[in-house]
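Take a look at the structure below.
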Amino acid sequence: MNVLVVFLGLGFAVIGFAAAVCIILPLPRIRLVTRFRALGVLILACVAYVAVGYVLGEYGLYGRPGPWGWLVVLAAGFGILRFVLADRRRKPVAIRTPDKPSAKVPVPESPAEVARPDITPVEKDSEPRPAASPPVGAPQRTSAGTPVNGGTPAEVVSHPAPAAPRRGQVRRVPRTGTHWIDPGDDVRVAGRHLGGMVYVGSETLQDTWEHANNALIDPRLPVARLGTDLGGESLPYWPSYRDINPRARATYLDWLAGGRSDPRIGPGYVFLYFYGLERRFFQDAPTEEERRLLVAEVSRLHEAHGENHSVRRYLGVFLNAAAVVLEPHGEHKPPFARSAHELPLLLRVAIGQMVKSGQPLSADWLLEWYVAHPDTRLRTAVTRALAEFRVLFMLLFDDRFPEGLLLRAPKRRLRAVYRAASGTFEADLRSALGDMPDIAALSRPVTVAREIADEAAGALQKYSRFLGRNPNGRDTIEAHALLPELLWPHFPSAGMEALRHWAQARIDDGGLVPVEQVVERLEGATPDKLGKRQLTGAADALARLSIGLAPDPRFALRSPRIGEPVVLFRLPAGLTKLEDVSETYKNLLFHVAMGSFIAQADGTVAAKEREVLEDRIDTSGLRPDERARLHANLTWMLEIPPDVGLFRRRLRDAPEGTRHVLGQAALALAAVDGVIDPNEIKAIERLYSAIGLPTEGIYADLHALTARSEPVTVVAPGQSENVGYAVPSPPPEDHSVVLDAERVAALVADTAKVSSVLGEIFDDGTDAEEEDLEESLDGEGSDFPGLDAQHAAFLDELLTRTQWDESEFAALARQFRLMEEGALETVNEWAFEQHDGLLIEAYEGYEINPDIAAELRS
């Protein structure tokens with residue numbers, strides 16, 4: 001039995017001694033994890049040895065220990081002591097700080113420590129690589145590496161932070177625990193100089209469970225030689241340095257070492273870096289100077305990578321919260337940013353302070369509130385002409401509220417918690433906020449802002465449409481002319497007066513001007529072709545100068561072509577909505593078109609015929625501006641007579657009774673001078689044939705004007721058309737027909753009574769159809785032909801971001817009264833038909849295909 005005990009004790013002693021050697025000796029191949037295991041083996045060996053001694057009573061500690069017992073106890077004690085004090089003897093992570101004359105530069109203790117591939121000390125004479133430096137203009141203050149939890153603090157030396165790392169001291173930082181590398185310092189990990197503003201070290205198991213640090217750079221983890229995952233395709237949605245693969249770690253460390261400014265880097269790496277910045281700001285209680293450095297760095301990231309929706313959102317939330325922490329009662333500049341979830345904290349605090357102090361709300365703050373409100377839908381006119389919209393909004397606000405908008409403080413108090421983007425902590429901001437009213441509970445200011453915004457957007461609608469057709473035309477005369485006159489002093493144009501003088505001179509010369517000259521004056525270039533929208537914009541622009549253009553393409557039988565003239569004429573001042581005309585105007589315009597066609601049938605326009613048409617305009621009872629426009633249209637139609645084909649297209653689907661009314665009207669207009677010339681009869685025959693009436697009906701209608709004594713009955717739509725007419729023999733073609741003037745006048749008067757019938761024919765629906773395609777729910781033009789207005793407006797808003805989470809996408813669909821799945825399917829089917837690909841990818845939210853989005857925006 002004694003022999004057995006001796007061998008057991010000897011075995012445990014040997015095992016314990018070997019474990020102690022693993023802990024004590026600084027061998028290069030013995031990693032930290034191996035030393036941990038050796039410590040456990042040593043403790044087990046000691047416990048087993050003592051247990052054997054107690055059980056057998058031969059070599060117990062209650063008596064005098066034998067030589068092996070002493071050896072095991074001494075080795076165990078020395079091994080444990082060596083492990084506890086290992087941090088003071090092992091080479092620390094190298095922290096580069098600027099030179100300081102009085103400081104000593106430690107050197108590596110052994111070649112083994114220098115040979116470590118994961119953490120390389122910075123030699124005294126080595127040349128550092130460029131590293132991230134504090135933003136220009138930010139307050140500068142740094143110190144040596146600061147322990148956050150665990151380990152032994154490093155020697156702290158305060159020094160000004162340089163613009164870039166310089167050759168300097170190496171500060172000792174323990175290998176265990178989490179350590180923050182201060183701004184301006186440099187740390188070398190896996191052969192790369194990273195610079196400051198990062199966490200370096202290792203976490204204990206308790207740290208990992210309780211408050212994991214996603215941004216912690218653990219030097220023990222493997223790193224690839226080359227980083228080839230620049231876009232971050234391998235990163236999870238919430239990246240952690242501990243969990244990403246060696247290739248991604250190499251990419252991340254290369255980005256840090258390269259100055260953190262490569263625009264090609266994926267947003268996942270930006271977030272990995274940002275996780276450390278937000279943790280430092282809210283969890284470690286740094287000085288105010290360092291906090292401002294952190295805010296400046298996050299602002300730089302926000303500006304550089306803000307095209308990504310998630311980066312813009314989460315970093316924006318941080319900047320709001322940080323501003324409140326740094327200056328809870330300061331005057332913060334309005335952020336002017338949209339929010340998909342809730343009002344930004346900074347906005348709520350700033351306006352809350354105004355409400356609390358009884359200060360009236362100014363126009364700019366109300367506009368910020370409106371734009372940032374989650375329920376706000378910005379119309380296209382606002383996004384296209386943002387600068388003009390802001391100025392107009394403020395002018396309209398000041399007109400309604402010259403003293404500002406005074407608000408009553410709500411009862412609800414502001415409560416705010418910062419939820420980390422990393423998802424690892426929360427920070428309560430109540431101590432910084434104090435007793436603050438929560439303005440999110442108020443609805444009246446948003447209603448007032450929406451009313452003013454709608455008025456401003458409506459006034460900018462024509463200007464916005466012009467910019468939609470001409471993205472580079474903001475500085476043209478036409479663009480300026482389309483601005484509301486209220487904005488002219490704020491957006492001056494040197495060419496406006498020159499255009500006005502040129503147009504007035506042309507009007508004095510008779511008003512007939514080649515159409516291409518007019519467009520060139522407005523747009524600065526001679527057009528290759530003319531479209532209805534282009535001419536409509538020209539008419540609207542000239543109207544701002546009290547100058548009219550005829551024909552107005554909104555109401556003309558056809559628009560002028562290149563090489564043909566248009567008529568410039570004077571309009572009453574203040575007339576800008578040319579589309580607002582009466583039904584009588586449209587009907588009489590058609591009469592004028594038909595009359596000019598018949599009047600020119602014999603090759604000349606009789607003075608009597610022109611006089612009758614002009615008198616018809618003057619006695620119509622129309623507004624002065626409508627009469628001026630009709631006279632200008634008459635001048636153009638007599639210069640460019642309507643083609644009979646125009647009547648054919650207009651009247652193709654009209655009821656027969658309506659077409660007969662128009663045939664009679666043509667006869668009456670031809671007979672206003674008391675005689676119908678044979679050439680006029682031929683023209684009327686062509687007209688009858690064009691509108692689908694039998695030509696022999698002309699003679700029945702002529703007979704009504706020459707033989708009947710009772711008034712002519714005009715058949716309106718819906719009335720019975722079984723009316724018999726006595727058809728006389730056709731008159732000789734070489735003799736004119738003399739008509740009864742009273743009967744002709746009666747027919748003209750009766751055709752005027754059915755002007756509503758003519759109006760239906762004149763209004764062919766073209767404008768309405770174009771408006772339906774052009775208008776979206778916000779009243780703006782759609783660039784997505786094939787989609788209905790509702791889905792087009794939905795898509796227009798969808799393209800403002802590159803990514804939407806599920807709740808945002810659902811809210812957007814509800815905003816346009818669409819079902820989420822239906823909207824997704826409709827837009828993707830349309831995109832596949834138009835661009836051979838899906839626009840919306842549904843994966844952990846909704847991502848927008850960048851290639852198709854670029855095509856749609858162009």
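The values are calculated or read from the model by the stated rules, or taken from the named source; none is laboratory data. Everything numeric in this text was worked out from a predicted model, so none of it was measured. Glycine gets a Cβ as well: all are built from the backbone with ideal geometry, and neighbour counts include every protein chain shown.
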Exercise. Has the stretch 493-500 got at least one residue that is over 29 Å from Gly404 (Cα atoms), surrounded by fewer than 18 Cβ atoms within 10 Å (Cβ to Cβ) and touching a residue at least 40 places away in the same chain (Cβ under 8 Å)?
Worked result: yes
For this session: Please specify each residue of the stretch 511-546 satisfying the condition of being surrounded by fewer than 16 Cβ atoms within 10 Å (Cβ to Cβ) and polar (S, T, N, Q).
Result: Gln517, Thr526
Problem set entry | Number of the condition not met by Asp851 [criteria: (1) under 24 Å from Ser310 (Cβ atoms); (2) buried (at least 16 other Cβ atoms within 10 Å of the Cβ)] | (2)
Exercise. Within the stretch 520-530, can one find any residue that is at pLDDT 85 or above, within 19 Å of His631 (Cβ to Cβ) and not aliphatic (A, V, I, L, M)?
Worked result: no
Problem set entry | the stretch 791-831 - residue that is in contact with a helix residue (DSSP H, G or I) (Cβ under 7 Å, 6 or more places away or on another chain) and farther than 24 Å from Pro374 by Cα and, of those, surrounded by the most Cβ atoms within 10 Å (Cβ to Cβ) | Ala831
Exercise. Can you spot a residue in the stretch 479-495 that is aromatic (Phe, Trp, Tyr) and over 29 Å from Asp399 (Cα atoms)?
Worked result: no
Problem set entry | So Ala494, is it out of contact with any Ser or Thr (no Cβ under 7 Å at 6 or more places or on another chain), in the same structural domain as Ile562 (by TED's automatic domain parsing), at pLDDT below 80 and not β-branched (Val, Ile, Thr) | yes
Seminar exercise, completed: Those residues of the stretch 215-267 that are part of a loop (DSSP other than H, G, I, E, B) and among the aromatic types (Phe, Trp, Tyr) come to a total of 3
For this session: Give the stretch 828-841 a look and list any residue that's in contact with a strand residue (DSSP E or B) (Cβ under 6 Å, 6 or more places away or on another chain) and in a helix (DSSP H, G or I), or say none.
Result: Asn828
For this session: Could you please let me know if Pro402 is free of Cβ contacts under 8 Å to residues at least 40 places away in the same chain and surrounded by fewer than 21 Cβ atoms within 10 Å (Cβ to Cβ)?
Result: yes
For this session: Run Ser431 past the list (1) exposed (fewer than 14 other Cβ atoms within 10 Å of the Cβ); (2) over 27 Å from Arg313 (Cα atoms) and report the number of the one that doesn't hold.
Result: (2)
Exercise. Taking the stretch 832-841 only, how many residues are modelled with pLDDT under 85 and either surrounded by 15 or more Cβ atoms within 10 Å (Cβ to Cβ) or not assigned by TED's automatic domain parsing to the domain that holds Ala793 (or both)?
Worked result: 3
Seminar exercise, completed: Among Thr447, Thr476, the single one that is of a type in the set (Ser, Thr, Tyr) and closer than 25 Å to Leu407 by Cα is Thr447
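Does at least one position in the stretch 446-457 carry a residue that is part of a loop (DSSP other than H, G, I, E, B), acidic (Asp, Glu), more than 19 Å from the chain's Cα centre (by Cα) and not assigned by TED's automatic domain parsing to the domain that holds Glu278?
no
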Problem set entry | Selected residue (criterion: nearest to Asn213 (Cα to Cα)) from residues of the stretch 387-435 that are assigned to a helix (DSSP H, G or I) and of a type in the set (Asp, Glu) | Glu388
Problem set entry | Residue list for the stretch 590-629, restricted to those being within 27 Å of Ala573 (Cα to Cα), touching a helix residue (DSSP H, G or I) at 6+ places or on another chain (Cβ under 8 Å) and among the β-branched types (Val, Ile, Thr) | Val592, Ile617
Seminar exercise, completed: Note on the stretch 536-573: residues free of Cβ contacts under 8 Å to residues at least 40 places away in the same chain, closer than 22 Å to Asn587 by Cα and out of contact with any Leu (no Cβ under 6 Å at 6 or more places or on another chain) are Thr536
Problem set entry | Which listed residue, of Phe389, Phe401, Phe425, is closer than 16 Å to Thr447 by Cα, out of contact with any Lys or Arg (no Cβ under 6 Å at 6 or more places or on another chain) and among the aromatic types (Phe, Trp, Tyr) | Phe401
Exercise. Given the structure, is Arg415 out of contact with any helix residue (DSSP H, G or I) (no Cβ under 9 Å at 6 or more places or on another chain) and not hydrophobic (A, V, I, L, M, F, W, C)?
Worked result: no
Problem set entry | Contacts under 9 angstrom Cβ, first residue in the stretch 255-268 being over 13 Å from Met197 (Cβ atoms) and at pLDDT 90 or above, partner polar (S, T, N, Q) and part of a helix (DSSP H, G or I), 6 or more apart | Ile265/Thr251; Gly266/Thr251; Pro267/Ser310
Exercise. Of all residues in the stretch 404-416, which are under 16 Å from Thr447 (Cα atoms) and either within 17 Å of the chain's Cα centre (by Cα) or of a type in the set (Gly, Ala, Ser) (or both)?
Worked result: Gly404
Exercise. Given the structure, is Asp508 under 32 Å from the mean Cα position of the chain (by Cα) and either surrounded by fewer than 21 Cβ atoms within 10 Å (Cβ to Cβ) or within 19 Å of Leu575 (Cα to Cα) (or both)?
Worked result: no
